[in-house]
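Please read the structure below before turning to the comments.
Where a number appears in this text, it was derived from the coordinates with a stated rule and is not lab data. These numbers were taken from a predicted model, which means no experiment stands behind them. Cβ placement follows ideal geometry from the backbone for every residue including glycine, while neighbour counts extend to all protein chains displayed.
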C-alpha cells in the first residue's frame, strides 16, 4: 500500500469518474441520473443552436405527456416552455441522451441559476408510445415579458430568433 500523499495514493492528475458540480454554480447535480433531455426549440435537429449541443445520442421524437405552454418570447424571439402543466398544448420535441458534463455545459448555455435563465426540471414525455421522465429547460409562469406567439404545439424555427451576442 502506498503511503498517504504519494502519487499512487493521491492521484490528482485525473478527475474522478463521476464529478459532482457545485450546487452554487448549477441548480442540479448533473451527473446523478440517466434521464434523457427533451429539447423543444433551438436545440432541436436542424435548428439554430443544434451546433451547440455537446456529444449526444438522438433517441427520437417525443411529446410532453401533459399540455404545457410554449411561446416565442422576449426581444430575441426565443422559444420558452413555461412550467405550468395542464395549460396550452402537448409540445413536440426531440429526446436526446447527454452525458453529465454535457448537461453541465447546457445548464450554463441555458442560463441555469441566472435570474433571466431557464431552470432544468423533470417532466413527463411520450416517446415510442410510452411515458417516461426527461429533463427539460423551462421558465416560471410570469417570466415572459413579451410573447410574440403561443401557446404553441411546436416551435416554428422563427427566423426572427437572435442568439445572445456572448455565445
task = For segment 127-148, indicate whether the set of residues that are buried (at least 18 other Cβ atoms within 10 Å of the Cβ), more than 14 Å from the chain's Cα centre (by Cα) and in a strand (DSSP E or B) is non-empty.
result = yes
query = Given the structure, is residue 113 out of contact with any strand residue (DSSP E or B) (no Cβ under 6 Å at 6 or more places or on another chain), at positive phi and in contact (Cβ under 8 Å) with a residue 24 or more places away in the chain?
reply = yes
message = Which residue is nearest to residue 106 (Cα to Cα), if the candidates are limited to segment 157-167 and must be touching a residue at least 24 places away in the same chain (Cβ under 8 Å), exposed (fewer than 12 other Cβ atoms within 10 Å of the Cβ) and within 19 Å of the chain's Cα centre (by Cα)?
response = 167
note = Within segment 70-94, the residues that are under 16 Å from the mean Cα position of the chain (by Cα) and outside any strand (DSSP E or B) are 83, 91
request  = Kindly check whether there is at least one residue in segment 67-76 that is in contact (Cβ under 8 Å) with a residue 40 or more places away in the chain, within 22 Å of residue 33 (Cβ to Cβ) and either in contact with a helix residue (DSSP H, G or I) (Cβ under 8 Å, 6 or more places away or on another chain) or surrounded by fewer than 21 Cβ atoms within 10 Å (Cβ to Cβ) (or both).
outcome  = no
